[in-house]
Structures are given as C-alpha cells and as structure tokens.
Amino acid sequence: MNQIIMFKGNKPDIGLYVRTATLGDEYSLVEQFIEYYCHSFTRSNKKTRLAVFVEPRIESGFPDVVFASYLPSISDNWSDDREALTIYDLKMLSYLCGIEGAKGTALISKLGFPEKQTLDSLERLMDAKLITYRGHSWRVREMRNVFSLTKLIAVEAKLNDINRAVEQTRLNTWFASHSYALTNTTHPQEKTVKKFSRYGLGLYGKGRRFQRIVEAKQLPLPSSYLSFQFNEWIGKSIAHQGVQYA
C-alpha cells in the first residue's frame, strides 16, 4: 500500500532529525501502537494519507510519535521555491495566518525579527506562492493551497509516571490538533481520567488490545509554525521522491 510514509531516521535533505530510540518496554508499546494506528487508518481513510514521525526533534523536545494525516493534493501545490523556506519564514507564515493582513512595518515590530530578515522572509514566501501583497498589506493565500494537513496527532508513551505524561501531552498541544498519552493499562484511576478530560487531552491504554479511554479535544490547525513544519517535511520528502512507504 502507498498510503503511509514512515519517518524513523534522520533526513538531513528535508531538515528532519530524530532521537535514537531507546529499546525497552516503552519503545515496544509505541511500536505496537504505530502498527495498530496505521492498520486502523488504512481501513477508515480513503481520501487522506498518513505520515508517521517517530521521535522527531522539535523545539519542545522529542514526542514519541506524531501521526500527520494529509491530502494527496500536497504535491499539486508544491514548488521548488518551498525548499528554501526557513524556520523564520514558517513563523512569519504562521503569524500571518492569524490575522487578516499586516504591513511590513507592523511585522517587524510584532515579530521582533531584524528588518532585513523580515523582508527576506516575505520575499521567500512570495516566491513560494504562499502569501500575496495587496491593499498595502501581506496576506496568506487560500489555506487549501498552503497547508495540506487534516490532523496532527501527537502521542506520548508512559508506563508509570502519569503526571509526567500529562505534562508532556499538554506540551504537545502547541502544534498538534489532538494530543494523547499512551499507557499500558486500560483501567487508570478515576482521577487520572478526570485530569485528562479537564485539560482536553486524550488517553489510550493497552490491555489485550488498544483502547481509547479519553478522546482528545480537537484543536484548530495550523496552530503554530511547527504545524507548518510537519507539512513542509512531508511535501519535501514527496518532492525528493525519497519517501519510504509502509
């Protein structure tokens, strides 16, 4: 099947780096969950595809696994100019997504980037056909031509320290549309279930099989520049024709 792309190792050509996995019970649980999720995805999704990132390096750490559902049209909207985009460009793009338009001087003041860096970012985003300039302000183009992810699900596995699991799972909400913790029981304490529900976090457990104990609250996408970063990793990988399909 060519519906799933796996990212398990470093891919310097697209700017993706991962942490070397530590073998053990927790790693085994994650591997089993990836197999379970991918199987469920292929059975229930016909219009979207899936990219699986195992322990990707991001600004806040290394989430155990991130599942990114995306539209096949990501290839239709790709261009070579997107290869040149930097983290600063994605931060600029993310900011512009949250407003109706901004003048260059306002961007310099709000984002705190040096003037030259701001202007260079705007130029690269223009070249990549992600933003336009009209009415004396910068605006993002139609989102369907800019961002192809439909879901971005982060999962943190913890066998014991449930409080640590809550902390890490909450941290992932800054970029994910759904944030889950994964544990090796289907019968957590009631106070644990209430805590996850209160924060809008999801919880999966495993007994004889995996079970979703608490459903995560859905958050809007893109929610930060990192949401865009996952989108760009997928697009670059497909463009380079170096994808590894499961």
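The values are calculated or read from the model by the stated rules, or taken from the named source; none is laboratory data. No experiment lies behind these values; they were computed from the predicted model shown. Because the Cβ atoms are built from the backbone with ideal geometry, glycine has one as well, and the counts that use them run over all protein chains shown.
If the Cβ limit is 6 Å and pairs must be 6+ apart or interchain, which residue in segment 93-121 that is outside the structural domain of Ser227 (by TED's automatic domain parsing) pairs with which residue that is modelled with pLDDT under 80?
Hits for this filter: Glu115/Ile108; Thr118/Leu107; Thr118/Ile108.
Condition first: of a type in the set (Lys, Arg) and either touching a strand residue (DSSP E or B) at 6+ places or on another chain (Cβ under 6 Å) or in contact (Cβ under 8 Å) with a residue 12 or more places away in the chain (or both). Now tell me which residues in segment 169-198 satisfy that.
Selection gives Arg170, Lys195.
Restricting attention to segment 27-59, which residues are over 16 Å from Phe230 (Cα atoms), of a type in the set (Lys, Arg) and part of a loop (DSSP other than H, G, I, E, B)?
Lys46, Lys47
Tell me whether segment 159-169 contains one or more residues that are farther than 23 Å from Tyr27 by Cα and surrounded by 14 or more Cβ atoms within 10 Å (Cβ to Cβ).
No, that holds for no residue.
Restricting to segment 67-80, give me the number of residues that are within 15 Å of Ile14 (Cβ to Cβ) and assigned to a helix (DSSP H, G or I).
2
Is it the case, given these coordinates, that Glu215 is at pLDDT 95 or above, among the acidic types (Asp, Glu), closer than 18 Å to Ile153 by Cα and surrounded by fewer than 19 Cβ atoms within 10 Å (Cβ to Cβ)?
Taking the combined requirement at face value, the residue satisfies it.
Considering each of Gly205, Gly200, Gly235 in turn, give the residue that is closer than 20 Å to Val30 by Cβ, at pLDDT 90 or above and of a type in the set (Gly, Ala, Ser).
Gly205
Out of the residues in segment 99-135 that are at pLDDT below 80 and outside any helix (DSSP H, G or I), which is nearest to the chain's Cα centre (by Cα)?
Ile99
Which ones in segment 2-26 are touching a residue at least 60 places away in the same chain (Cβ under 8 Å) and either part of a helix (DSSP H, G or I) or at positive phi (or both)?
Hits for segment 2-26 are Asp13, Ile14, Gly15, Asp25, Glu26.
Being at pLDDT 90 or above and more than 14 Å from Tyr199 (Cα to Cα) is the filter here; which residues of segment 159-175 pass it?
The one that is at pLDDT 90 or above and more than 14 Å from Tyr199 (Cα to Cα): Phe175.
Please indicate, with yes or no, whether at least one residue in segment 199-207 is out of contact with any Ser or Thr (no Cβ under 6 Å at 6 or more places or on another chain) and in contact (Cβ under 8 Å) with a residue 60 or more places away in the chain.
yes
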